[in-house]
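Notes follow once the structure below has been shown.
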Amino acid sequence: MNKVSLVVITDGRQSCIEQTIERFDQTIKYNFFEKLIINDSGDSRYHQFLVNRFPGFDVVSHERRRGLAGAVQSAWESVNPETDYILHLEDDFLFEKFIDIDHMASLLKRNPHLVQMALVRAPVNPPEEEVGGFVFQHLDDYFQKEEYFEHGRLFTLNPCLYPISTVKMGWPNHGGESEFTTKVHSINKDYKFGFYGQIHDKPLVTHIGGRRSEGWFL
């Protein structure tokens, strides 16, 4: 059986995380190895809310905001090193259907050049909506395989599964997805990123967070 750690990163948006975890619990049925919430709000009251509201999670809270890079570093430092995979979730995404996590893990295991297996999100802005989704903005960069499609464009922190080997690469001290993508390609130029399913499938998750809480930074 796969050991999968669930990691949820939050920066203080109570209404978002309540919707996110409630929908997740309704949609995804899985026996996780561990469940963590990384709280980058810097708010002790929000920490207590998380502890009381989500008793099934271990809550790791920062006394001061560390931003995106610090939050991901904290998550990667906190996961049990014996885990096999991390299911990464930010506090503002809703799952639209059941996802077979073990199947995603099997695709990563069979394709060790993949650093992650992400879920396609619904469009979030007019340019994406005009073409039917962010994938179709750069369609030539995506290559359909039998059960997933791959690319070398960008590691995403949208909902995704990645192996512990990705964690061991270490998140950069500053910056976000672009900076980590550069680091991945510097380690091995042949590494790729995967999206679960078919290019023309309906999005699997919806982003509900219009903007970050005040004080959030990369």
>> If I ask for residues that are within 11 Å of residue 91 (Cα to Cα) and free of Cβ contacts under 8 Å to residues at least 40 places away in the same chain, which ones from segment 1-20 would you list?
In response: 14, 15, 18
> Would a scan of segment 183-196 turn up a residue that is at pLDDT 95 or above and β-branched (Val, Ile, Thr)?
Replying inline: yes
>> Need a quick list: helices (runs of 4 or more DSSP H) entirely within segment 126-218 having at least 2 residues that are crowded, with 18+ Cβ neighbours inside 10 Å and in contact with a helix residue (DSSP H, G or I) (Cβ under 9 Å, 6 or more places away or on another chain).
In response: 164-167, 177-187
>> Here is a list: 78, 41. Which entry is out of contact with any Ser or Thr (no Cβ under 8 Å at 6 or more places or on another chain), in contact (Cβ under 8 Å) with a residue 24 or more places away in the chain and either under 18 Å from residue 170 (Cβ atoms) or crowded, with 17+ Cβ neighbours inside 10 Å (or both)?
In response: 78
> Can you tell me which residues in segment 44-64 are surrounded by 19 or more Cβ atoms within 10 Å (Cβ to Cβ) and touching a Phe, Trp or Tyr at 6+ places or on another chain (Cβ under 9 Å)?
Replying inline: 50, 61
> Can you tell me how many residues in segment 81-92 are surrounded by fewer than 19 Cβ atoms within 10 Å (Cβ to Cβ) and within 17 Å of residue 180 (Cα to Cα)?
Replying inline: 0
> If you take the residues in segment 11-44 that are of a type in the set (Val, Ile, Thr) and outside any strand (DSSP E or B), which one is farthest from residue 59 (Cα to Cα)?
Replying inline: 27
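The values are calculated or read from the model by the stated rules, or taken from the named source; none is laboratory data. Treat the numbers as computed from the prediction; the structure is a model and nothing was measured. So basically every Cβ, Gly included, is an ideal-geometry build from the backbone, and we count neighbours across all protein chains shown.
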